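Before any comments, here is the structure.
The values are calculated or read from the model by the stated rules, or taken from the named source; none is laboratory data. Remember, it's a predicted structure, so these values are computed and weren't measured experimentally. Every residue, glycine among them, receives a Cβ derived from its backbone with ideal geometry; neighbour counts consider all protein chains shown. All accessible areas refer to the heavy atoms of the entire protein, side chains included, with ligands and DNA or RNA removed. Shrake-Rupley method; radii C 1.70, N 1.55, O 1.52, S 1.80 Å.
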Amino acid sequence: MRRSRRQRNGRGGGSGQRGVRVAFAFAVLLGCVMPLVGGAAAQGPRLPSDYKTLSGAAPLVVAKGGFSGVFPDSSQGAYSFAMIASAPDTAMWCDVQLTKDGVGVCLRDINMKNCTTVDQAYPARTRTYVIDGVQKSGWFVSDFTIAELQSVSLTQAIWSRTERFDGIYPIVSVTDFRSLVMPSPVWLNVQHDIFYKQHGLDMRNYIFSIKKRVSMDYISSPELGFLKNISGRVGRKTKLVFRFLDKALLDHSINQTYGSLSSNLTFIKSIASGIIVPKSYIWPVTKDNYLLPSTSIVTEAHNAGLEIYASDFANDRIIPYNYSYDPLAEYLNFVNDGGFSVDGVLSEHPITASEAIGCFTKLNSNKTDHGEPLVISHNGASGDYPDCTDLAYHSAIDNGADIIDCPVQVTSDGVLMCMSSGNLLDTTNVQTTTYSSLVSVVPKIQPQPGIFTFNLTWADMNSNALKPKISSPASGYSLVRNPRYTNQGKFLKLSDFLAIAMDKDLSGVMIIIENAAFLINSLGIDIVDSVTTALSAAGFNNHPTKEVLIQSKDSAVLVKLKQKKTKSKLVYTLPSGIGDASNSSLKDIKKFAEAVVVDSKSVFTLSSDFIIRQNSLVQDLQSAGLALYAEVFRNEFVAQPLDFFGDETVEINYYVQSFNLSGIITDFPKTVRRYKKNTCTVLGNDMPNYMQPPQAGSLAQFLQTFKTQPPSLPPMPTLSSSSVEEPPLPTVASRSVSDGSSSGGTRTPGTPSDAHTATMSAGMLLVMVFTALLI
């Protein structure tokens, strides 16, 4: 999802790369990778023993091919990193394949086409076979000897993931795998036993031949006949686990569908001690990707005496919308929140599974404490509902926000309202209504045509035709938010917003003011005075506990508020794309603001989604005595650098533990609130490794060893005084403006004095409307 299907650019398979791989030492790998998770800290306290698993012990984390969500599946890097960044008892999964000369290797697929460089090493050796009733073409492990595979390297099989680790790692034999992952539990998965027999290879005999050299804690297979053939001959300590595939598929070893076998767990218990099932066996999903009620298969498995493991977990897949793109929330639904617990999870990102089980199943149940870092909504809970609607604000409050925010806009009849953008094309369905004729260009706001709040009355804003539109900043990656609520919710006046905040257990509100000079010059509205009047009318001026933060990217707004001796906390929004700040700019900011909002992406310099350096900006700001709020934190995996592994909790953890943040501004308050209630970050030296903050830039540094690091980039610009200083706001004659507590003024709808009504052909208007629909 993150990137388009890539070309491998000849990486791997050549003699030069092969020389690098031969020189690769396990000790060097550990030396490079250990800093990624903050070094070898204590592993943390014993996990709770009161889970609803079959044994009562904590669910097992199984690292599928190691940390295969970043490194190539079954590579030395994937296994080594999984051992460092996961729970200490994480089991290491190896998909066992057999070479032409009967050597077992760890490879995610019998067809090496998409997971190795075999196409470069042996371009002419493609074959076509029928496997499990399906014709497949490619390069198959059983057609190559182990010696021939020495010139083949591993690649990332999921082509939307980074290719920077391709061509570095050789294929690992099963015996070398055992040595590599000691002392972690070993899980061998055996598939295609029937196919191997057809080609003169015997998987059963291979397993028997290595059992004295390789301690096998788990052996799984989707072929029940294979498990039956090895049952009783692999040792009592080895657990046999039957792996279910899609319900409609056939287990050719016994000629029964997996769907029919799922209703005969007692029969499976006579052969195996456990089952592993796709997630959908437990939590079915609707066609539009929402959860259905859970099935009873976990209870049925436990009643039959079977352990049950759930598979197919990865942080960079589209998961049901109920989870709000939060992979940790999905794990919790399988091990804690669903009223039951599976006995283990099979994950390509085992750090997230480890966090979920080790730190989030027994959350601190204290009430919202309003301690720093504060949880601050961004347009309400805009990750789940349309921006700045009643639904978004109430959800933010219910999900534990300390502060809710209101970006103030104004209607043509002078009503102050909350809306993330003054351009209705960004936030509503206005392009499909009769108001689409109000298109105009307002150069002082944006160069593109728009339809603005000041083009419509408050009554227009609440007409049946005009509806809010949910924001989906990652829609370019087909990651859309909560489609069932795309156009749900009601717009709020500022007065209604303030009334909600006053009535709820919140520490305060954040009011955002933009385009103040334009509103004065073009509409005759002093938005600063209007907001302060509304705050006073709502009772915030002298409230003993409710704090008011006023945020603006316009220094002139904050200067005016400072001159008015406001009791509100003044917060300056820094420009995006800066890497540090000059001393003179910091002195200027201190004259009118107590705090700053910084774009979270300004903290680092990114190249190809890798962090290549941490900028000095945060240190500059905090050294100047400015409180720091970081924005915008989002759950979608494409919103984070690769260093955070597609896990928003890892990103939040990094910021909280690395910087003294006063607040986190987020589209998903629930994710941040849950983080603040975890049970691990309070453990000090006993905090487990998987909750240690990653070391920024370590992934890119590690890649330098193999000359595959992302391109270097120059330092980001420095904030200067000239970027901060602005002329004072102009004065304005008295003008009727409503805070929303009454019907407002009587201004006739129209366009501002310096707006240019866009004279467009029908075709141009259609293009603009179509573009807005896509956004």
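The calculated P(r) of region 60-360, using every Cα pair and 10 Å bins from 0, goes 6, 28, 37, 24, 5, 0 in percent. For region 441-472, backbone nitrogen atoms closer than 12 Å to the point 7 Å from Lys490 Cα along Cα-to-C-beta are found at 462-463. Annotation: aspartates and glutamates with alpha-carbon distance below 18 angstrom to Lys565 (same-chain offsets under eight excluded): Asp526, Asp529, Glu547, Asp554, Asp588, Glu594.
Tell me the carbon and sulfur percent of the accessible area for region 159-220, rounded to whole percent, probe radius 1.4 Å. Don't jump to the answer; show the numbers that get you there.
Working: 1070 of 2240 Å².
Of the solvent-accessible surface of region 159-220, carbon and sulfur hold 48 percent.
When the Cα centres of region 540-571 and region 157-175 are compared, how far apart do they sit, in Å? For region 540-571 versus region 157-175, the Cα centre distance is 53 Å.
In the distance distribution for region 374-717, Cα-Cα pairs more than 25 Å apart total 56 percent.
In straight-distance terms, cross-link reach from Lys228 covers every one of the aspartates and glutamates whose alpha-carbon lies under 20 Å from its own, apart from those fewer than eight places away in the same chain; here that gives Asp95, Asp132, Asp193, Asp202, Asp217, Asp251, Glu307.
Once backbone amide H atoms are built at 1.01 Å from N, Ile276 has Phe242, Arg243, Phe244, Tyr309 as its partners under 5 Å, excluding neighbours fewer than 5 places away on the same chain.
Between amide H atoms placed 1.01 Å from N, distances below 5 Å from Ala157 occur with Asp73, all of them 5 or more places distant or on a separate chain. The distance between label points at Asp505 and His199 comes to 6.2 nm (points 7 Å beyond Cα on the Cα→Cβ vector). With a threshold of 23 Å on the Cα-Cα distance, the over-threshold entries among Lys211/Lys237; Lys136/Lys707; Lys212/Lys237 are Lys136/Lys707.
Tell me the per residue accessible area of the chain using a 1.4 Å probe; a whole number in Å² is fine. Don't skip to the end; give the middle numbers.
Values: 29680 Å² over 775 residues.
Using a 1.4 Å probe on heavy atoms only, each residue of the chain averages 38 Å².
Simple point charges give the picture: +1 on the Cβ of Lys and Arg, -1 on the Cβ of Asp and Glu, and for the chain a dipole about the Cα centre of about 1540 debye.
For region 308-365, with all protein chains in place and a probe radius of 1.4 Å, 39% of the accessible heavy-atom surface sits on carbon or sulfur. Across region 678-694, coupling constants 3J(HN,Hα) worked out from phi with the 6.51/-1.76/1.60 Karplus curve, θ = phi - 60°, read 5, 9, 10, 6, 8, 8, x, 5, 8, 5, x, 4, 6, 10, 6, x, x Hz, and Gly and Pro carry x.
Between Thr432 and Ser536, the contour length at 0.36 nm per residue exceeds the Cα-Cα span by 33.6 nm.
Using 1/(1 + (r/R0)^6) with R0 = 60 angstrom and r between the beta carbons of Gln614 and Arg236, what's the FRET efficiency to the nearest 0.05? Could the numbers behind the result be given before it?
Numbers: r = 51 Å, r/R0 = 0.86.
The calculated FRET efficiency here is 0.70.
Could you work out the local net charge near Thr573, counting Lys and Arg as +1, Asp and Glu as -1, over the other residues with Cβ closer than 11 Å to its Cβ? After counting each charged neighbour, the total is -3.
The fraction of all Cα pairs in region 379-447 landing in successive 10 Å bins from 0 to the largest distance is 19, 43, 29, 9, 0, given as whole percents.
For region 541-644, evaluate the Debye formula with one uniform point scatterer on each Cα (no solvent term) and list log10 I(q)/I(0) at q = 0.16, 0.17, 0.18, 0.25 Å⁻¹, rounded to two decimals. Ignoring solvent entirely, the Cα scatterers give -0.75, -0.82, -0.89, -1.33. Enumerate the residues in region 646-681 having an amide nitrogen under 19 Å from the point lying 7 Å beyond the Cα of Asn322 toward its Cβ. Taking a point 7 Å out along Cα→Cβ of Asn322, the residues of region 646-681 whose backbone N falls under 19 Å are 670-671. Cross-link partners for Lys469 among the lysines, with Cα-Cα distance under 27 Å and sequence neighbours closer than 8 places in the same chain left out: Lys287, Lys444, Lys490, Lys493, Lys504, Lys553, Lys601, Lys670. Surface composition of region 98-149: carbon plus sulfur atoms hold 47% of the accessible area, using a 1.4 angstrom probe and ignoring ligands, DNA and RNA.
For region 374-717, give the magnitude of the charge dipole about the Cα centre (Cβ charges: +1 Lys/Arg, -1 Asp/Glu; no others), in debye to the nearest 20. List each step's numbers first, then the result.
Numbers: 28 positive and 31 negative charges, 76 e Å.
Rounded to the nearest 20 debye, it is 360 debye.
Using just its DSSP H runs of length 4 or more, each adding -39500 (n - 2.57), the chain gives a mean residue ellipticity at 222 nm of -7000 deg cm²/dmol after division by all residues. Close amide H partners of Leu719, meaning residues 5 or more places away or on another chain with modelled amide H under 5 Å apart, are Gly579, Asp580, Ala581, Ser582.
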